[in-house]
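Peer 1: I'd like to ask some things about the structure below.
The values are calculated or read from the model by the stated rules, or taken from the named source; none is laboratory data. The structure presented is a predicted model; accordingly, all values stated were derived computationally and were not measured. Virtual Cβ from ideal backbone geometry, glycine too; neighbours counted across all protein chains shown. Each accessible area value is taken on the protein alone, full model and side chains, heavy atoms only, with ligands, DNA and RNA left out. Shrake-Rupley method; radii C 1.70, N 1.55, O 1.52, S 1.80 Å.
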Amino acid sequence: MSIIEDKADAVLGRRVRSEREGRGWSLAELAGRAGVSKAMLSKIERAEASPTAATLSRIATAYGLTMAALFETAASEGARLQRAKDQPVWRDPKAAYLRRQVFLHPANPLELVEIELPAKQEAGFPASAYHLIRQVVWVIDGRLVLMEGAVRHELAAGDRVELGPPSDIVFRNESAQPCRYLVAIVRR
């Protein structure tokens, strides 16, 4: 596994702070833009709290970034080959889903993320997380229910869905088995 999984809170905290300071924003300004409390942002920056995927998505959107960009590391920027063991991995503290950043490069608009969603778990994201991106979700193993606003998509292994205009999204595993899926993201 990568250092992202082993020290996720510290790595993310440094990145959130670096992005905020680089823009000259106060905690209050980031809180207002992201819809996340100053107290939570301060805890994230100090690695005292493990943010959920939804919280990270709000922060990334406030910066005009994708969530994956918060996991970006300098070491991965120049390498065309990246071994599985070196791909950044992060676990959501609420849904316990495992997120592997398969591909991300600043010069390429494509991102690939592998997700393992445990049985009976879900992760939701606000519509604002999708304004800067287009996504296709492809199920590798298991079953996935994807709620795109009020539209319910039921996917099995091999099925894929292209997400439409930005809306609130919930990834849900209603089964008793884990579900693995790939999210292909194109930054606009």
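Peer 1: What do you reckon, is R152 closer than 17 Å to G124 by Cβ, surrounded by fewer than 14 Cβ atoms within 10 Å (Cβ to Cβ) and of a type in the set (D, E, K, R)?
Peer 2: In short, yes.
Peer 1: Another question about this same structure. Conditions first: (1) modelled with pLDDT of 85 or more; (2) part of a loop (DSSP other than H, G, I, E, B); (3) open to solvent by 20 Å² or more (accessible area, probe 1.4 Å). A49 passes all but one, so which condition is the exception?
Peer 2: (3)
Peer 1: Can you list residue pairs whose Cβ atoms sit under 7 Å apart, with the first residue in the range 11-35 being at positive phi and the second being at pLDDT below 95? Count only pairs 6 or more apart in sequence or on different chains.
Peer 2: The qualifying pairs are G35/R58.
Peer 1: With the requirement that a residue be modelled with pLDDT under 80, in a loop (DSSP other than H, G, I, E, B) and crowded, with 17+ Cβ neighbours inside 10 Å, what does the range 1-42 give you?
Peer 2: S2
Peer 1: In the range 161-171, is there at least one residue being crowded, with 18+ Cβ neighbours inside 10 Å, in contact with a strand residue (DSSP E or B) (Cβ under 8 Å, 6 or more places away or on another chain) and over 23 Å from A60 (Cβ atoms)?
Peer 2: no
Peer 1: Further question: Checking A96 against (1) at positive phi; (2) not in a loop (DSSP other than H, G, I, E, B), which single condition isn't satisfied?
Peer 2: The failed condition is (2).
Peer 1: With respect to the numbered conditions (1) in contact with a Ser or Thr (Cβ under 9 Å, 6 or more places away or on another chain); (2) under 18 Å from D168 (Cα atoms); (3) not polar (S, T, N, Q), which one is the sole condition not fulfilled by L27?
Peer 2: It is condition (2) that L27 fails.
Peer 1: What strands (runs of 3 or more DSSP E) completely inside the range 119-188 contain at least 3 residues that are under 17 Å from the mean Cα position of the chain (by Cα) and at pLDDT 95 or above?
Peer 2: 133-141, 143-148, 169-172, 179-187
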